Each structure stands twice: as C-alpha cells, then as structure tokens.
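Single-structure report; data block below.
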Amino acid sequence: MARTRRQAAVAASGTWTDPDDGVRVPAGEVHAWLPGTNQTLCGLALSKTRLLRFPHIAWPEVQPESGGSADQVRRVCPRCAAAMGRRGGGKPWTRTDPRP
Ligand SMILES: [Zn+2]
C-alpha cells in the first residue's frame, strides 16, 4: 500500500455541481480521504461528521494553488494537507514526505 497517499481522494463538508460539465465537486472544507476507508487522513469519521465523499476527485485537484476543482473550496484541512506532504504548494505530487 505504498502508493496510498498518491491515491487519496477527497471528503468535503459541501458539494457543488459544475454546470458546464455536470461533475460534482467538493465545496467548503476539504479533507483527504482514501477510498475504501471510513475516515479522513486526519482521523475524522465520515459517518459522524457527515462529510461527503468524492472518490472521483483526487486530492491535488482541490488544492487552491494548483487544483482544477478547487473553485468552491473554502478551507483545506491543515492536518490532511500535512499528512499528504504539502510543502508550500505548487509542486508536483511525485513524492511524499517520508516522515509521518
Ligand atoms: Zn482533515
């Protein structure tokens, strides 16, 4: 499962559908989520927090500085961002920070 972090999708507090292409995208606060699990990378249980799952949206797509699905995103969870190895943003997701 060494590639799990690169496969992370998105869980968000809201949803919005792009009228141009009909794709449902995250809105509000976004967290990183690994499809197949029931909690975010920062440890929030999806069932308790009522976060919505976006298995078709990859984590890099909701980063405000680089993502293509970030227009409705108001806040990126800093703990999930740290878990995903974000360091200033804008860099390709070719590797992750080896430290936990
Ligand atoms: Zn989070």
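The values are calculated or read from the model by the stated rules, or taken from the named source; none is laboratory data. Note that the structure is predicted; figures quoted are calculated from it, not measured. In this analysis, Cβ positions are derived from the backbone assuming ideal geometry, glycine residues included, and neighbour counts consider all displayed protein chains. For accessibility, only protein heavy atoms count, side chains too; no ligands or nucleic acids. Shrake-Rupley method; radii C 1.70, N 1.55, O 1.52, S 1.80 Å.
Extending 7 Å from the Cα toward the beta-carbon at both Lys48 and Arg79 defines two label points whose distance is 1.0 nm. For Val23, the residues 5 or more places off, or on other chains, whose built amide H falls under 5 Å of its own are Asp18. Charge dipole of the stretch 4-83 (Cα centre as origin; +1 on each Lys and Arg Cβ, -1 on each Asp and Glu Cβ, all else neutral): 500 debye, rounded to the nearest 20.
What does the highest-first list of 16-22, 29-35, 79-85 look like by mean Cβ count within 10 Å?
29-35, 79-85, 16-22
What net charge is computed for the residues neighbouring Ala12, neighbours being all others with C-beta under 11 Å from the C-beta of Ala12, Lys and Arg scored +1, Asp and Glu -1? Here the count lands on +4. For the stretch 4-83, the carbon plus sulfur part of the accessible surface works out to 46%, probe radius 1.4 Å. The per residue volume of the convex hull around the alpha-carbon atoms of the stretch 4-83 is 83 Å³. By a 1.4 Å probe calculation restricted to protein chains, Arg75 has an accessible surface near 120 Å², given to the nearest 10.
Taking 0.36 nm per residue of separation and subtracting the Cα-Cα distance, full extension of the segment from Gln7 to Arg24 would add 4.3 nm.
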